[in-house]
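Peer 1: Below you'll find the structure I mean.
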Amino acid sequence: MTCAACANRIQRKLAKLDGLSDVQVNFATGRATMMRNADVTDTQVADVIDGLGYAVIDQTDADDAGDRREADLRRRLIVGIVLAVPAMAITMASPLHFTGWTWIVAALATPVVFWCGWPFHRSAAMNLRHGATTMDTLVSMGSSAAWTWSAVVLVGDVGGGHIYFETGAVIVTLILLGKWFELRATRRSGDAIRALADLGASTARLEDGREIRLDDLVVGMRFIVRPGEKLATDGVVVAGSSAVDMAMVTGEPVPVDVDVGDEVIGATINTNGTLTVEATRVGSETALAQIIMLVDQAQGSRANVQRLADRVSAVFVPVAIAASLLTLIAWFGLGHGADDAFTAAVAVLIIACPCALGLATPLGIMVGTGRGAQLGVIIKGGEVLEDTRDIDVVVVDKTGTITEGKMQLVGVHVPALSHADEAELLVLAASLETFSEHPIAQAIATGTVGPGSKASTDLRSVEAFESRAGYGVTGLVNGVQVRVGRRLLFETVPDGVEALAEQAEATGATAVLVGRGTQAEGVLVVTDTLKDTSAAAVAALHEQGLKVTLLTGDNQRAADQVGAAVGVDHVIAQVLPSGKVDEIKRLQAAGHRVAMVGDGINDAPALAQADIGIAVGTGTDIAIQASDLTVVSGDLRAVADAIALARRTLSTIKGNLFWAFAYNAAAIPLAAFGVLNPMIAAGAMGISSLFVVSNSLRLRRFTGYRAITL
């Protein structure tokens, strides 16, 4: 594709194919995405595209195809420069007007117009056969008209002897120069994703010393990672401790300490100690593969602001041709000579090329999402950028988002039981909680029967396990009905147990009740620690003019202490998962645009309800799927980075569109009135495209709030 009109034409044609819907063709990425019925084959889609004169490039050949296209453009550009520059110099310098100079200029310009410009002529002819016009039509018509008029003047001595051979040659050369810069810039904008794709290791070293290809690694295998080596795939550390550099995947500027039991991400770099890792995800299931897939989908998406540009691009070329003809007729009608009329008409044709318009949005999305991927911020689509602009309230979950999410069992209070009965109750609770993935449940399980635990006893068998979202868990442990959770889970809470729970909550801890049957018998005291960066993250969100609300299912006292420590504006506690959705709806009904930040399964409904759902990537897959933005890092400052980057990207796109529209709106009348000659018009067109490209590439310098400061 050579311009936005090409993309629109392919998109319209594919949309007419039965079984296809939601077709989007992205000019900057060269990709078509669509929803299709099972009976629509790849061949059918490719045949439609081939029938329009375009070609579908195999994914494995995409980089080679890009290299070939860039090399071809470079060859044609070099020939154009070598021949067009002397042609222009001879034409414009009167001392060089020796006998027969016009024929020399014609000889220099002809290869440029027809060989260097062949891609434009071929594309224009191909499109005309299908009754369509693109940017290539304008370039082909403009350069061919200049050459044809000049040939008539040269051979037939018409028009007072003025020739425009050099105009046609310079037009083609300048546009080739612009296309070459565009191609290089577009390929650079995809460097971030290509760099991510190249991050992965190619082999893995197993525990027994064998080295195998990464494709042969399966879930459950254990591999060794020595200092300085890349982790072969996602897994869990089963032996050793080290610091892992996750910068290229999560955007974290400082290596993260890992120990036995910690999850690690493939393609990250082990910095010092030797690790033994058990593979948990391989191939397309790894975090890196998922990131690449999400960013690839985002780069193929469209922002709503693109729709106006699409509509304009679809009609721009026919309107430009009509404007050129009207200019020609008007100049003749006003009594001007053929030379002046022809010059103005050709200038209109050239200046109207909608290159900048076609690049404005997709290139901005491509660079922005690529930079986001480098920082561990995954923006799922162009529409997310626009939604982020209007956000005024950020609602954050507490556990695992503001806090570490690594809960610890620090106290046990069972007032009415003996020490032996207390130990038995703890083992029953631990046995039940091992079936829950909630951080508090894991803290109780490991804190009760793990190293340094309150009671070292084997776990019991569990039947009829049930997790009641927002309440707790129930089940039969060795035939005994056991409940662990909030007060609402029990029919009876004795005064002594209630007093102990309130005493624990007054310190900011979480009180978990445990009991057999329907009565609470004791209190398990669990605490969490704040993340070091949470306060800075809230400050960064405030800096962007956002109000921050802490929304949690935890008790009010614990939530208030956490909220005060990090500086949030409002705290809402003791909220069930359905209640979180209700709180989001309440804020929306009050006129707020809400972003929700969470990491757990119980956050998924609220993430989906919010205007923008932001999943902390260290959380669950369900939360990530329900969100619009994902931050791979557990650092809450990455949320501030995500919002800032999304806003910066949208601002860049709007700037691109403004200048693209302004350029055409101002330049076409100037060309029609004869102020711009065709060569200046061609140069101005190239400059407008380069402005859009360079403005978009500025996003590559976005740093965010997590830059290392010394």
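Peer 1: Does Thr91 satisfy being surrounded by 14 or more Cβ atoms within 10 Å (Cβ to Cβ), modelled with pLDDT under 85, part of a strand (DSSP E or B) and on the phi < 0 side of the Ramachandran plot?
Peer 2: no
Peer 1: Moving on. Sort out which residues of segment 590-609 are hydrophobic (A, V, I, L, M, F, W, C) and at pLDDT below 85, and write them in order of number.
Peer 2: Ile601, Ala604, Ala606, Leu607, Ala608
Peer 1: Collect the residues in segment 566-576 that are crowded, with 18+ Cβ neighbours inside 10 Å and either touching a residue at least 60 places away in the same chain (Cβ under 8 Å) or in a loop (DSSP other than H, G, I, E, B) (or both), keeping them in residue-number order.
Peer 2: Val566, Val568, Ala573, Val575
Peer 1: So, restricting to helices (runs of 4 or more DSSP H) that lie completely within segment 263-375, which ones have at least 3 residues that are closer than 30 Å to Ser688 by Cβ, of a type outside the set (A, V, I, L, M) and modelled with pLDDT of 80 or more?
Peer 2: Here the list reads 306-333, 355-374.
Peer 1: For the list (1) of a type in the set (D, E, K, R); (2) at pLDDT 80 or above; (3) assigned to a helix (DSSP H, G or I), I need the number of the one condition that Asp63 fails.
Peer 2: Tallying (1) of a type in the set (D, E, K, R); (2) at pLDDT 80 or above; (3) assigned to a helix (DSSP H, G or I), Asp63 fails exactly one: (2).
Peer 1: If you don't mind, another one. Take the residues of segment 66-79 that are at pLDDT 85 or above and within 38 Å of the chain's Cα centre (by Cα): which is surrounded by the fewest Cβ atoms within 10 Å (Cβ to Cβ)?
Peer 2: Among residues in segment 66-79 that are at pLDDT 85 or above and within 38 Å of the chain's Cα centre (by Cα), the one surrounded by the fewest Cβ atoms within 10 Å (Cβ to Cβ) is Ala71.
Peer 1: Can you tell me how many residues within segment 679-710 are in contact with a Leu (Cβ under 8 Å, 6 or more places away or on another chain) and modelled with pLDDT under 75?
Peer 2: The qualifying residues number 7.
Peer 1: Would you point out which residue out of Gly563, Gly553 is assigned to a helix (DSSP H, G or I), outside the structural domain of Glu424 (by TED's automatic domain parsing) and crowded, with 20+ Cβ neighbours inside 10 Å?
Peer 2: Gly563
Peer 1: Quickly run through segment 630-663 and pick out the residues that are of a type in the set (S, T, N, Q) and buried (at least 21 other Cβ atoms within 10 Å of the Cβ).
Peer 2: Thr630, Ser633, Thr649, Thr652, Asn656
Peer 1: Out of (1) touching a residue at least 40 places away in the same chain (Cβ under 8 Å); (2) out of contact with any Phe, Trp or Tyr (no Cβ under 8 Å at 6 or more places or on another chain); (3) closer than 20 Å to Val346 by Cα, the odd one out for Asp136 is which?
Peer 2: That leaves (2) as the condition not met.
Peer 1: Which members of segment 526-547 meet the condition of being surrounded by fewer than 15 Cβ atoms within 10 Å (Cβ to Cβ) and either β-branched (Val, Ile, Thr) or under 13 Å from Tyr705 (Cα atoms) (or both)?
Peer 2: Within segment 526-547, Thr529, Glu543, Gln544 qualify.
Peer 1: Also: Being under 30 Å from Val155 (Cα atoms), in the same structural domain as Ala151 (by TED's automatic domain parsing), free of Cβ contacts under 8 Å to residues at least 24 places away in the same chain and under 41 Å from the mean Cα position of the chain (by Cα) narrows it down to one residue among His121, His97; which is it?
Peer 2: Every option except His121 fails the conditions.
Peer 1: In addition: Quick one: Arg129 ticks every box in (1) basic (Lys, Arg); (2) modelled with pLDDT of 75 or more; (3) farther than 26 Å from Leu325 by Cα bar one, so which box is it?
Peer 2: (3)
Peer 1: Please list, ordered by first then second residue, the pairs with beta carbon atoms under 6 Å, 6 or more apart or interchain, first in segment 522-545 and within 17 Å of Gly598 (Cα to Cα), second in a strand (DSSP E or B).
Peer 2: Matching pairs, first to second residue: Asp528/Thr403; Leu530/Thr403; Val538/Val548; Leu541/Val394; Leu541/Val548.
The values are calculated or read from the model by the stated rules, or taken from the named source; none is laboratory data. Predicted model, so just to flag it, every value in this text is computed and none were measured. Counting neighbours? That spans all protein chains shown, and the Cβs are built from the backbone with ideal geometry, glycine included.
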